[in-house]
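All of the numbers you see were taken from the coordinates with simple rules; none came from a lab. All of these numbers come straight from a predicted model, not from anything done at the bench. So basically every Cβ, Gly included, is an ideal-geometry build from the backbone, and we count neighbours across all protein chains shown.
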Amino acid sequence: MLELKTKIIFDPIDLTNKHKSQSSWKRVVTCQTDCDIHEYYAWFLNKRFNLKLNKPIRKAHITIVNDKIADYELYKMAKSLFHKKELVFKFDPAEIRTNGEHWWIKVYCDDVANIRTVMGLDPKPFFNLHLTIGYANEKNIAHSEYILETITRYNL
């Protein structure tokens, strides 16, 4: 397992229309890193499968909260405790996953469950913890889906 150091960021800047439209009721907490690890693994996918992925909008990050918060006071308390603190994730580079469109690496960090619990949330997020590598667009989605099918068929 490798380690990835990140910084916890509460309420990152709204970069998408969806995020802006949901910002009145949904709270977001990400763990950001200054490295280009997503580009590193995207390069491997390009070399192995000739698949060029679009970069994630927020660069290399892990979303730990993307939820409706019932108790805003708990959220503010958690923000005062954890904002800009360091969090270390572990990952196995062999655990690259895809749904055909998005590509990611599974990551692990026991501290995330504690942070979510402090905010009154389920300790385990709906979508497992992951570092997004990139996504296929309309020009290469068919190729990306073909790669998923091939990987599944031949257990690569």
Exercise. Where the only charges are on Cβ atoms (+1 Lys, Arg; -1 Asp, Glu), what is the dipole of the chain about its Cα centre, to the nearest 20 debye?
Worked result: 260 debye
For this session: Determine the alpha carbon to alpha carbon distance for each of Lys68/Lys106; Lys5/Lys26; Lys26/Lys139; Lys5/Lys68; Lys5/Lys76; Lys47/Lys139 and list only those over 21 Å.
Result: Lys68/Lys106; Lys5/Lys26; Lys26/Lys139; Lys5/Lys68; Lys5/Lys76
Exercise. Out of Leu129, Leu45, Leu81, any idea which swings most in a Gaussian network model of the chain, alpha carbons joined below 10 Å?
Worked result: Leu81
Exercise. Which of these values of percent of Cα pairs over 28 Å apart was calculated from the structure shown: [x] 42; [y] 25; [z] 20?
Worked result: [y]
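Can you sort Val29, Val88, Val112 from fewest to most other Cβ atoms within 10 Å of each residue's own Cβ? Walk me through the intermediate numbers first.
Working: Val29 25, Val88 11, Val112 22.
Starting with the residue having the fewest Cβ neighbours, the order is Val88, Val112, Val29.
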Exercise. For the residue pair Ala142 and Phe127, what label-to-label distance in nm results when each label sits 7 Å from Cα along the Cα-to-beta-carbon direction?
Worked result: 2.6 nm
For this session: Within segment 79-94, which residues have the backbone N less than 15 Å from the label spot 7 Å out from Met1 along Cα→beta-carbon, could you tell me?
Result: 87-94
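Counting only trypsin sites (Lys or Arg not before Pro) that are in a DSSP loop and have at most 10 other C-beta atoms within 10 Å, tell me the longest site-free stretch of the chain.
Result, exposed sites excluded: 1-83.
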